[in-house]
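Just so you know, all these numbers are worked out from the coordinates, no wet-lab data involved. Worth saying up front: this structure is predicted, and the values here are computed from it rather than measured. Virtual Cβ from ideal backbone geometry, glycine too; neighbours counted across all protein chains shown.
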Amino acid sequence: MLSINAQTVTLFGRRVSRRRLGELSLLIFMLPALILVIAFVIVPAVWAILISFTNQSLLGPNARNFSFIGIENYLKLFNDPGFWNSLGTSFVFVFGSAFLGQFVIGFTLALLLKQAGVASRGLIGGSVLLAWVIPEIVAVYIWGSVLSFQSGSANQVLLALGMEKQRWLIDTPLLSIIIVNIWRGTAFTMLLFSSALEAIPDTLYDAAAVDGASRWERFRHITLPLIRYTILLDFILITMGTFSVFGIVFAMTGGGPLGRSEIIGVYIYRNAFEYREIGYGSAASVVMLIINLTLALVYLRFTRVKWTVEG
């Protein structure tokens with residue numbers, strides 16, 4: 001039975017404050033999402049941490065009868081030049097793809113869409129979104145045909161300009177996968193900033209224009225301050241997302257040639273499944289998780305974001 005007065009609610013014979021009832025309702029609505037997060041994020045992460053301290057393998061006697069070996073996997077990891085190569089390659093990949101590519105291009109497209117007409121907005125936005133929504137393997141096939149040495153459209157353009165054909169995936173593998181990931185991931189940044197820009201009242205720009213503010217001054221003193229948290233959020237999400245990329249790189253180059261495009265995700269896969277060292281691969285994945293969390297904390301600290309909860 002439910003009975004209500006100004007301050008409290010009687011629920012099944014117990015008096016509950018409205019605030020407590022609101023918190024309970026919120027928890028009930030969040031419960032399905034929390035269950036999914038626990039089942040598919042927290043539990044696998046904890047399991048990976050535990051396995052990283054063992055000598056478990058994919059096949060052989062250590063597949064089931066594995067034992068605790070302490071930090072041996074981590075010592076081996078930090079003494080492996082291949083790990084440091086993949087880590088350095090990952091940072092270059094993130095810097096080129098997320099910062100120079102997705103952020104700059106996505107933000108620029110969002111600004112252009114803000115000023116564009118309805119028809120232009122639909123054409124530009126739809127074209128960019130198409131790259132984001134198509135399956136990853138389809139994107140790989142598309143770019144594989146574009147970058148093909150024999151008949152790729154990229155080399156056909158070079159020949160038309162009187163230049164020599166390039167072996168894109170062999171001579172410049174890292175640059176190639178950076179370009180592909182930019183093409184695929186820019187839409188997310190564009191959508192995020194488009195929503196933030198649409199939320200800024202036009203009256204602020206009109207008032208600033210009346211006061212004689214230039215376009216740059218309006219951008220600097222109105223747009224940037226009002227979207228600063230969106231900028232932070234985008235940096236965090238695209239950094240973590242790009243750092244965790246696997247499918248595109250593995251399908252296009254496999255981390256080669258000679259490890260020149262082997263990012264940390266490919267390194268983890270190769271050691272865990274090709275070399276069948278599950279414990280060692282788990283140790284590398286734990287380091288990857290720590291780096292992702294550290295990057296997020298650094299961003300939050302650097303920008304001095306203060307999270308407040310209003311009761």
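Numerical summary
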{"item": "Cα gyration tensor shape of the chain, rounded if a/c is under 1.5, else prolate or oblate by comparing a/b with b/c", "result": "oblate"}
{"item": "Inter-label distance, nm, simple model (7 Å from Cα along the C-beta direction), Leu289/Gln115", "result": "4.6"}
{"item": "Length released on extending from Leu58 to Ile42, taking residue separation times 0.36 nm less the Cα-Cα span", "result": "3.5 nm"}
{"item": "Which of Val286, Val37 has the fewest Cβ neighbours within 10 Å, and the rest in rising order", "result": "Val37, Val286"}
{"item": "Farthest toward positive dipole pole in the chain [+1 Lys/Arg, -1 Asp/Glu at C-beta], among Phe193, Ala207, Val286", "result": "Ala207"}
{"item": "Gyration tensor (alpha-carbon) shape descriptor, region 181-310, a/c threshold 1.5", "result": "prolate"}
{"item": "Contact order relative to length of region 72-303, as percent, for alpha carbon pairs under 8 angstrom and 6 or more apart", "result": "31"}
{"item": "HN-Hα J in Hz across region 190-205 - Karplus 6.51, -1.76, 1.60, θ = phi - 60°, x for Gly and Pro", "result": "4, 5, 4, 6, 4, 5, 5, 5, 5, 7, 7, x, 5, 4, 5, 5"}
{"item": "Per-residue Cβ neighbour rank within 10 angstrom, fewest leading, Thr294, Thr189", "result": "Thr294, Thr189"}
{"item": "Förster-model FRET efficiency, 35 Å R0, Leu130 and Leu224, C-beta, rounded to 0.05", "result": "0.75"}
{"item": "Two-site FRET efficiency, Ala33 against Leu123, from Cβ-Cβ distance with R₀ of 22 Å, rounded to 0.05", "result": "0.05"}
{"item": "Inter-probe distance in nm under a simple model that places probes 7 Å from Cα toward Cβ, at Lys76 and Phe273", "result": "2.0"}
{"item": "Cβ charges +1 (Lys, Arg) and -1 (Asp, Glu), total dipole of the chain, debye", "result": "760"}
{"item": "Amide hydrogen neighbours beyond the local backbone of Thr54, cut-off 5 Å, H modeled", "result": "Ile69"}
{"item": "Dipole-positive endmost among Leu161, Ser86, Ile238 within the chain (Cβ charges, Cα centre)", "result": "Ile238"}
